[in-house]
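One structure below.
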Amino acid sequence: MNIERTGFEKAAMITAENESFDVAIIGGGIHGAGVAQAAAAAGYRTLLIEREHWAAATSRASSKLIHGGLRYLESAQFRLVYHSLRERQRLFRNAPTLVEPVPFYIPIYKQTRRRPWQIRIGLSLYALLTGFARHARFRSVPRHEWGGLGGLLQNDLQAVFQYWDGQTDDAALTRAVVASAEKLGARCIEHCQFIGAQKSGDGFTLQLQLSGKIWKCTATTIVNATGPWVNDTLQRCTPAPTPRAISLVKGSHIVLPHSHLGGIFYLEAPRDSRVIFAMPWQGKTLIGTTETEVKNADSTPSEHEVSYLLETLHRYFPHLPYTPRDVIDRFAGVRVLPAGNERAFNRARESVIESFDNGSARIVTIYGGKLTTYRHTAELTLAQLKTTLPKRKPIADTKTLNLY
Ligand SMILES: Cc1cc2nc3c(=O)[nH]c(=O)nc-3n(C[C@H](O)[C@H](O)[C@H](O)COP(=O)(O)OP(=O)(O)OC[C@H]3O[C@@H](n4cnc5c(N)ncnc54)[C@H](O)[C@@H]3O)c2cc1C
């Protein structure tokens, strides 16, 4: 008999059994889900909690790309691109219904900052880092095909390059990773808020809130995967680890009616030369993203950001005369980046995994990162926990687990 349990019933089971865990993960975005999957696959007794629902925050507000990140080559983030491309290939293989290859187009105009030779070198390096696997091919689109590119502006157009990357439904991908973790035995509970944790004995006592009640359980290690709230979460731990200096950077997207594009367009914003993506998305057109430094994680797209995105679209697709009133949806996510004076666009996008030891107990915090590399980040996180955890027998390998 298949018994579907509510979050409340699952939490009741914890207190009823006074359960203790090897790993307690806070935050049900892609990183929390990934660590839960990796920990359960390694045989650990695993708890994952999320105060809202799975993928309630950044992991539903991304640009939906499963990609190496061609533009990161400009800032020499080769290691990030290499790992991202490897994870992209794995996701094509292990999650074919959730992650699909999509053609990307890069138009180069007379006034485009990035020149055709630079794009050609970038794409060659990208293919090299993919290991010339399937989907590593790229080409220069011949002039006679330009008319079939969704009405792309032809004046001053000098070249169009086409290559392949992936697209996903980020929230669905996160739910699939949670489902995989549950299947491997992880306890995964939504609508369950982390209130605090206190060091006790060889681990921690956690206080969790569900339906207005406080539930307590114990865990040897804690993983803080609370995205833009990471440092707030650390302050709830006693003793509290020293938080890293971070910047919060909001990225906004808009959704327009109808799907006009047969692939994802890599557009240079006329105002500041940043890369903006215009893409088909669930029968509509999705445009993003902006980058605005913000003070806190709760944010919505501003009118200024909406006009910046529409202006970029009009520059390249003048026959799509959308105004802010035509925007049918808008959403924003908040990135965690290392604090610094450099433009957010140029700052490192790799996750930083920070470990805080307190005798035999350990808190590991995930700062930043990418949807694409969640599995790799999760395995690196687990590697930091292993010396603290008891020996367990692995039951699966995340490299080959299928996601549905
Ligand atoms: C605009 C934008 C576009 C992006 N586009 C891409 C892309 O195209 N491709 C790509 O690979 N990456 C992309 N990224 C990066 C990627 O989306 C993020 O790295 C990733 O989603 C972060 O996931 P996370 O699990 O760390 O955080 P989140 O998804 O934010 O999850 C944190 C969770 O913690 C929960 N939480 C917080 N406090 C508590 C508490 N006290 N108790 C319980 N739960 C709590 C929150 O409710 C939330 O659900 C993008 C990021 C942004 C901002």
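Residues of the stretch 27-48 that are within 8 Å of the ligand (Cβ to nearest atom), assigned to a loop (DSSP other than H, G, I, E, B) and out of contact with any Asp or Glu (no Cβ under 6 Å at 6 or more places or on another chain): G27, G29. Would you check if L337 is over 23 Å from the mean Cα position of the chain (by Cα) and either within 13 Å of the ligand (Cβ to nearest atom) or over 17 Å from P228 (Cβ atoms) (or both)? No.
Looking across the stretch 353-375, the residues that are in a strand (DSSP E or B) and either open to solvent by 10 Å² or more (accessible area, probe 1.4 Å) or not small (G, A, S) (or both) come down to I353, E354, S355, F356, D357, N358, R362, I363, V364, T365, I366, Y367.
The numbered conditions (1) acidic (D, E); (2) surrounded by 19 or more Cβ atoms within 10 Å (Cβ to Cβ); (3) free of Cβ contacts under 8 Å to residues at least 40 places away in the same chain are all true for E305 except (3). Looking only at the stretch 231-263, residues that are among the β-branched types (V, I, T), away from the ligand (no atom under 16 Å from the Cβ) and crowded, with 16+ Cβ neighbours inside 10 Å come to 0 in all. Taking H83 as the residue in question, decide whether it is open to solvent by 40 Å² or more (accessible area, probe 1.4 Å) and farther than 27 Å from D169 by Cβ. No: the conditions fail for H83.
Flag not set for I395, criterion: β-branched (V, I, T), within 16 Å of the ligand (Cβ to nearest atom) and at negative phi.
No other residue among L385, L380, L403 is closer than 12 Å to A38 by Cβ, open to solvent by less than 50 Å² (accessible area, probe 1.4 Å) and hydrophobic (A, V, I, L, M, F, W, C) apart from L385. Which of the residues spanning the stretch 208-217 are within 28 Å of the chain's Cα centre (by Cα) and under 24 Å from A38 (Cα atoms)? Matches in the stretch 208-217: L208 only. For the stretch 276-316, a residue qualifies if it is within 18 Å of the chain's Cα centre (by Cα) and under 22 Å from R114 (Cβ atoms), and the qualifying residues are I276, F277, M279, I287, G288, T289, T290, E291.
Quick one: is H319 more than 18 Å from N231 (Cβ to Cβ), more than 14 Å from the ligand (Cβ to nearest atom) and in contact (Cβ under 8 Å) with a residue 60 or more places away in the chain? Answer is yes for this residue. Annotation for the stretch 52-66: no member residue is on the phi < 0 side of the Ramachandran plot, open to solvent by less than 60 Å² (accessible area, probe 1.4 Å) and more than 10 Å from the ligand (Cβ to nearest atom). Taking the stretch 296-332 as the range and being within 19 Å of S62 (Cα to Cα) and part of a loop (DSSP other than H, G, I, E, B) as the test, the residues that pass are N296, A297, D298, S299, T300, P301, S302, V327, I328. Selection of the stretch 264-288 for residues being touching a Ser or Thr at 6+ places or on another chain (Cβ under 9 Å), within 12 Å of the ligand (Cβ to nearest atom) and more than 16 Å from T168 (Cα to Cα) yields only I276.
In the stretch 144-155, the residues that are within 17 Å of S259 (Cα to Cα) form Cβ pairs under 8 Å with partners that are among the hydroxyl-bearing types (S, T, Y), at six or more places apart or across chains, as follows: L149/Y105; L152/Y105; L152/Y316. If you check L123, L98, L91, L85 for being of a type in the set (A, V, I, L, M, F, W, C) and over 19 Å from the mean Cα position of the chain (by Cα), only one passes: L123. All of (1) open to solvent by 10 Å² or more (accessible area, probe 1.4 Å); (2) closer than 24 Å to P103 by Cβ; (3) assigned to a loop (DSSP other than H, G, I, E, B) hold for G185 with one exception: (2). For the criterion of being surrounded by fewer than 21 Cβ atoms within 10 Å (Cβ to Cβ), closer than 25 Å to Q77 by Cα and modelled with pLDDT of 95 or more, Q154 fails. Looking at the stretch 160-178, is at least one residue open to solvent by less than 20 Å² (accessible area, probe 1.4 Å), in a helix (DSSP H, G or I), within 16 Å of the ligand (Cβ to nearest atom) and touching a Lys or Arg at 6+ places or on another chain (Cβ under 7 Å)? Checking the stretch 160-178: at least one residue is open to solvent by less than 20 Å² (accessible area, probe 1.4 Å), in a helix (DSSP H, G or I), within 16 Å of the ligand (Cβ to nearest atom) and touching a Lys or Arg at 6+ places or on another chain (Cβ under 7 Å). The set of residues in the stretch 207-226 being within 11 Å of the ligand (Cβ to nearest atom) and open to solvent by 30 Å² or more (accessible area, probe 1.4 Å) consists of Q207, Q209.
The values are calculated or read from the model by the stated rules, or taken from the named source; none is laboratory data. Quick caveat: nothing in here was measured; it's all calculated off a predicted structure. FYI the Cβ positions are ideal-geometry reconstructions off the backbone, even for glycines, and counts take in every protein chain you see. What goes into the accessible areas is simple: the full protein's heavy atoms, side chains included, and nothing from ligands, DNA or RNA. Shrake-Rupley method; radii C 1.70, N 1.55, O 1.52, S 1.80 Å.
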